[in-house]
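A short worksheet on the structure shown next.
Every read-out reported here was derived from the displayed coordinates using simple, explicitly stated rules and does not represent laboratory data. The model shown is predicted, which means the values in this text are computed figures rather than measured ones. When we count neighbours, we look across all protein chains shown, and the Cβ atoms used for this are built from the backbone with ideal geometry, even at glycine.
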Amino acid sequence: MTTPHEMPTVRLAKRLSEDVPCSRREAELYIEGGWVTVDGVLVEESGARVADNQAVVLLPNATLEEMPPVTILLHKPAGINGGVGSEGKPALACLRPEELFTPENVLPSAVTRFLKRHLIGLTITNPLDTMASGLLVFTQDFRVARKLVDEAKTVEQEFIVEVSGDIAENGLALLNHGLPFNGKPLPPIKVSWQNETRLRFALKNVQPGQIAHMCKMVGLDVVAMKRLRIGRIPMGAMPSGQWRYLQGYERF
């Protein structure tokens, strides 16, 4: 016997397929696509259980079209693992995507519906040292991953590096060309002074630890480092800890 507190429930997909009506598979796609609410709350799990007295609503603009993959741009704070440790030191905080990417931290963008499925299968394309801050890219899109990972040698990245110490007499020239890393000569890159303690690096296929190593070789210690740009995508004025979706018209 069912007590007053044990209302019978059914799978949300079954309930929706009966209410719309539609096939069970179509109901699952609507739910997983973020088009169904239960008592006004978005539910993305087709296996969720609902009671007869709960209001199940298919949103007016619902579509069965496949959801496009997303790319997320994050302003990573210093001290959070950006996919690699810093000189072998453990990260101060290694956060999972679902902890970083919350609706509260997203900037307004063309993609206004934050869905849990946006956090599935994300790839970090260009790791960033733990001590560094700045632009970090996570993507579900194989085209973006191919561009930024497989074709990394063609994509320029820009860093601002705060340094201390006295640079060697020919240090700036060596930073531009003439230093090795991991036993191999580095290709020419663009390094210039922004002020007395700040250098700008523009380089391709940068490796974790490379910039700190280069600075050390010319007598400088890195105090802080920030990645401002990857390819044609700048971080802009996005506050530390905030993120946004890459918009359809943007290209790396």
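For this structure, a couple of remarks:
- Under the criterion of Cα pairs below 8 Å and six or more residues apart, the relative contact order for segment 156-230 equals 51 percent.
- Pairs of Lys in the chain closer than 17 Å at Cα, counting only those 8 or more apart or on different chains: 10
- Here the simple spin-label model places points 7 Å from the Cα toward Cβ, and for residue 142 and residue 84 these points are separated by 2.6 nm.
- Estimated FRET transfer efficiency (residue 216, residue 152; beta-carbon r; R0 30 Å; 0.05): 0.80
- Bins of 5 Å, starting at 0 and running to the largest distance - Cα pair percent for segment 9-58: 5, 27, 40, 24, 4
- Toward the positive end of the charge dipole of the chain, with +1 on the Cβ of Lys and Arg and -1 on the Cβ of Asp and Glu, the farthest Cα among 203, 185, 51 is that of 185.
- Loop-resident sites, segment 171-233, for trypsin sites (Lys or Arg not before Pro), counting at most 11 other Cβ within 10 Å (DSSP): 232
- Cα centroid separation, segment 117-133 to segment 1-78: 29 Å.
- Annotation note: GluC sites (Glu not before Pro) in segment 167-252 located in DSSP loop regions with a Cβ neighbour count of at most 10 within 10 Å are 169, 196.
- Area projected by the alpha carbon convex hull of segment 156-230, averaged over all directions, nm²: 4.4 nm²
- Alpha-carbon geometry of the chain: the Rg and the Dmax are 24.0, 88 Å, given in that order.
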